[in-house]
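Worksheet: one structure, shown below.
Please treat every number below as a calculation from the coordinates, not as lab data. The shown structure was predicted, so the numbers you read here are calculated from the model rather than taken from an experiment. All Cβ positions, glycine included, derive from the backbone under ideal geometry; neighbour counts span all protein chains shown.
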Amino acid sequence: MTNQTTPARRAAAQAAAASPAALAGGTTAVPAAAALTIRQFRYDLLAFARNSQARFFTLALPVAFLLIFATVFGNKTVPLPGGVIPTSVYYVPGIIALGIIQAALNNLAISVTAQRENGILKRRRATPVSAGVLVTSRTLTAVTVSLVMTGVLAAIGWFAYSARIPAGHIAALVVTVLVGAASFAALGFALTTIIRAADSAQPIVAAITLPLYLISGIFLATTLLPGWLLNVASVFPVRPFQQALLAAYNPYSAGTGFAGHDLLVMAAWGIAGLLVAIRRFRWTPQS
């Protein structure tokens with residue numbers, strides 16, 4: 001009997017060596033699904049970094065909005081529980097909310113719809129990448145970009161407009177950003193289930209988010225909006241997100257800066273979006 005390895009055995013050995021578990025250091029090191037998620041996350045993050053249009057609308061546009069609104073309306077004040085703050089400081093958490101929604105919901109809904117309608121997701125379905133791996137990796141990408149965006153906008157607010165974050169509120173800010181990014185990413189995936197064509201993705205997303213920005217205190221201070229409209233906005237996730245971030249920036253709060261009710265509203269919307277995405281997510285073109 002010969003000791004030479006047959007071509008079939010060599011191919012099997014090469015496939016095993018190239019498996020996600022082997023690439024992660026063996027079957028006992030990292031589960032295959034986790035290894036696939038890490039690899040897909042790296043790919044998605046690199047794809048975002050190479051997409052100049054996504055970088056502009058996700059990173060540069062919120063910075064421009066902050067500079068414009070804080071400069072134009074910065075000489076006014078906005079009341080908070082315990083005192084008042086300059087409008088320039090008020091706009092920092094609001095624009096952070098906008099930037100995270102852009103990164104988590106808008107960018108994700110538009111890009112996933114385009115990949116589905118162009119057949120990219122259909123081809124990926126033939127690979128070991130499952131829907132769970134795809135959703136997790138894109139959510140991790142959205143959270144990573146959101147943390148970077150928060151750091152950039154918070155730094156601009158700190159140095160340009162004296163928007164200080166109380167030391168005891170830093171944990172509240174980080175938790176709010178994480179909950180918000182994950183919730184809006186789930187809503188982004190849910191939104192892809194009702195968008196039928198890649199060309200209609202951006203208009204549909206804008207038609208949903210822009211009115212919510214206007215009635216939630218993102219573009220206009222809450223003192224300029226009627227109470228009934230703010231009550232309507234509180235039902236949707238944008239205003240609770242803005243309010244939770246604003247609570248973390250409130251210098252008059254003696255507590256930890258957590259807005260528990262607002263976080264629960266966001267989380268509820270995120271869970272609902274995740275359930276819709278799991279039930280109705282499609283790999284194949286819908287148009």
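Quick look at the values:
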read-out: Prolate/oblate/rounded label for the stretch 96-150 (Cα gyration tensor, a/c 1.5); value: oblate
read-out: Listed peptides 201-207, 144-150, 177-183 by packing density, highest first (mean Cβ within 10 Å); value: 177-183, 144-150, 201-207
read-out: Among 227-237, 132-142, the order from most to least packed when residues are scored by Cβ within 10 Å on average; value: 132-142, 227-237
read-out: VAL84/GLN202 FRET efficiency (R0 30 Å; Cβ-Cβ; nearest 0.05); value: 0.20
read-out: Calculated [θ] (222 nm, deg cm²/dmol) that DSSP helices of n ≥ 4 give over the chain, each run adding -39,500 (n - 2.57); value: -21000 deg cm²/dmol
read-out: Which label in [x] 64; [y] 48; [z] 42 gives the computed percent of Cα pairs over 26 Å apart; value: [y]
read-out: Principal-axis tilt of helix 87-101 within the chain, Cα atoms, nearest 10 degrees; value: 20
read-out: Degrees separating the helix 260-280 axis from the principal Cα axis of the chain, which is the longest one; value: 30
read-out: Rounded to the nearest 20 debye, dipole of the chain from Cβ charges on Lys, Arg, Asp, Glu; value: 1000
read-out: Of PHE184, PHE48, PHE73, the one that fluctuates the most in a GNM where the chain has Cα springs shorter than 10 Å; value: PHE73
read-out: Cα-based helix-to-principal-axis angle, 238-249 vs the chain, degrees rounded to 10; value: 70
